[in-house]
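Worksheet: one structure, shown below.
What follows draws every value from the coordinates through simple rules; no lab data is involved. Being a predicted model, the structure only gives us computed values, none of them experimental. A quick note on method: Cβ atoms are made from the backbone with ideal geometry, for glycine too, and the neighbour counts reach across all protein chains shown.
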Amino acid sequence: MKYPLLAANWKMNMTRDQARTFCRDLTAKLDPASLSHVLIAPPYTAIETVASCLSGSVRIAAQNCHFAPNGAFTGEISTGMLIDLGVNAVIIGHSERRHVFHESQDLVTHRLRGVVESGLHAIYCVGETLEERESGRTFDVLEAQLEPLPNLGSALDKVTLAYEPVWAIGTGKVASVEQIAEVHGRLKERFSSLAVLYGGSVKSDNIRSIASLSSVDGALIGGASLKVDEFLAIIRETLIVKGV
Ligand code: 13P
């Protein structure tokens, strides 16, 4: 991965036609050097379309995957199937998987291991709920979510962390620069070799102050990554602030 990294998590949005138009606009408006700092995580159904439109200029991620190579797992997608589509990375442990779909830490740990063992890169998401923050348990929760990392051994270099406070996702409530600095600082202390992205209501009008933190290596962007001009503004602001 090339940092700063601006990662678009499209979640359950974008038909193939919409994805094609987005990618055409993105590549027309951004130079190749800047495109190398971009990652797009389309829904599974648009991965092949995005991969063929972007032809290697942008990294491509899936939004989840199973840990087994194949088998009787209805509704799941394996790492081998993703590699076959030209995927480079997989988002694992996103808060919507943990909280909306009730993926346990055990399942998330299996998925993470499956991804890095397949040779794919993992964007591993951690973050606390509002209730956990308000009861002073933020760092205990993060610590429990980080537990699988030391056991990955040398495959740890295939991990990018993403700090996404659950209360800031899709709510318009961005974490303060102080809150981001505190958590990112702690994550960097714990895993000094890992890059850490921030995610949660990132927009073109707040990215400048977030990206100016040295402990922020980029952003994982949901809603604002669906509009190409807004996403472009976030990319440009970040690259300027980071001096790229
Ligand atoms: P929003 O940018 O829509 O808050 O979503 C953040 C996120 O969940 C990215 O993975």
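Across region 190-223, the residues whose backbone nitrogen lies under 20 Å from the label position 7 Å along the beta-carbon direction of D229 are 202-208, 222-223.
For region 206-220, backbone phi angles converted through the Karplus equation (6.51, -1.76, 1.60; θ = phi - 60°) give residue-by-residue couplings of 10, 5, 4, 6, 5, 5, 6, 6, 5, 7, 9, 9, x, 9, 10 Hz, Gly and Pro being listed as x. Modelled spin labels at Y3 and E143, positioned 7 Å past Cα toward Cβ, are 2.4 nm from each other.
Each listed q (0.10, 0.13 Å⁻¹) maps to a log10 I(q)/I(0) for region 1-122, found by the Debye formula over equal Cα scatterers with no solvent: -0.30, -0.51. Going 7 Å from the Cα of R236 in the Cα-to-Cβ direction, what parts of region 13-50 have a backbone nitrogen less than 14 Å from that spot? The answer is 26-31, 34-35.
Quick check: convex hull over the Cα atoms of the chain, volume per residue in Å³, rounded to an integer?
116
Extension gain, T45 to N13: 0.36 nm times the residue separation minus the Cα-Cα distance gives 10.5 nm.
Local charge for R97 was computed over the other residues whose Cβ lies under 14 Å away, with Lys and Arg +1 and Asp and Glu -1, and equals -2. Where is the GNM fluctuation largest for the chain (alpha-carbon springs, 10 angstrom cutoff): G218, G136, G75? So, out of G218, G136, G75, the one fluctuating most is G75.
Over the chain, Cα pairs under 8 Å with separation of 6+ residues give a relative contact order of 19 percent. Backbone amide hydrogens, once placed in the peptide plane, bring H66 within less than 5 Å of I77, S78, T79, excluding anything fewer than 5 places away on its chain.
For the peptides 177-184, 12-19, what is the packing order when you average, over each peptide's residues, the other Cβ atoms within 10 Å and list the highest mean first?
The most tightly packed comes first, giving 177-184, 12-19.
Annotation for S192 and A28: the two label points, set 7 Å from Cα along the Cα-Cβ direction, are 4.8 nm apart. Here the relative contact order of region 52-171, from alpha carbon pairs under 8 Å that lie six or more residues apart, stands at 24 percent.
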